[in-house]
Each structure stands twice: as C-alpha cells, then as structure tokens.
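Structure first, then comments.
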Amino acid sequence: MDLQLLGLSFIAVFLSELGDKSQVAAIALSGTSKSPRAIFFGTALALVLASLIGVLVGQGIAEVLPTRWIKISAAVGFAIMGVRLLWPKSEENEE
C-alpha cells in the first residue's frame with residue numbers, strides 16, 4: 001500500500017469535508033436524536049459509500065482516458081469554477 005497516497009487522500013477528504021453541508025446535517029440530526037452513535041455510523045457509512053463510488057468511477061474513467069487528459073480536464077473545470085466565483089454578476093442577472 002502506498003502510504004503517501006493514503007495520507008494525501010485522507011488529508012484532502014478530511015479538510016474538504018470540514019464544515020460542509022453533510023457535517024451541518026449530522027450536527028442537526030445529533031441535536032434532535034437520542035442516539036448519536038447511530039448518526040455517527042450512518043454518516044460514516046454514507047461517506048464511505050460516496051467515496052467508493054468516486055473511486056470506482058475514477059478507476060473506470062482512468063482505464064478509458066489517459067491520465068494526462070483527466071488531469072487537464074479537472075484543472076480546466078476547477079479554473080472555470082474559480083473564475084465564475086470571482087466574476088461579478090451583471091445587473092440583469094441579479095433581478
């Protein structure tokens with residue numbers, strides 16, 4: 001097992017999941033439930049399943065497309081999202 005890749009994926013997912021909507025939903029459920037253990041296992045299982053789907057889809061795409069194309073498309077996609085977040089909205093779209 002590649003321990004560097006394991007650590008990198010752990011850090012990336014851990015930091016990206018902090019404060020997201022699934023964590024807020026878990027906090028809300030925990031506040032209204034008498035079984036926080038069930039909420040923990042349910043949310044942990046959901047994250048594991050979502051990650052499994054992502055890994056399987058990524059592995060399937062990697063078998064069809066060259067890694068370089070995948071990295072380029074991911075970089076372009078993130079760049080587009082970043083520009084759209086920084087781009088000011090026009091007056092017509094705000095109404």
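Laboratory data are not the source of any read-out in this text; all were calculated from the coordinates shown. Since the model is a prediction, treat every value here as computed from it, not as a measurement. Reconstructed Cβ throughout: ideal geometry from the backbone, glycine too, with neighbour counts over all protein chains shown.
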Whole-percent pair-distance distribution, where bins are 10 Å wide, for the alpha carbons of the chain: 12, 27, 31, 22, 8, 0
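Using r as the Cβ-Cβ distance of K21 and A44, and R0 as 22 Å, what FRET efficiency do you calculate, to the nearest 0.05? Intermediate values should be presented prior to the final figure.
Working: r = 16 Å, r/R0 = 0.74.
Calculated transfer efficiency: 0.85.
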Karplus (6.51, -1.76, 1.60) ³J(HN,Hα), θ = phi - 60°, over segment 59-71, in Hz, Gly and Pro reported as x: 5, x, 5, 5, 6, 9, 10, x, 4, 4, 5, 5, 5
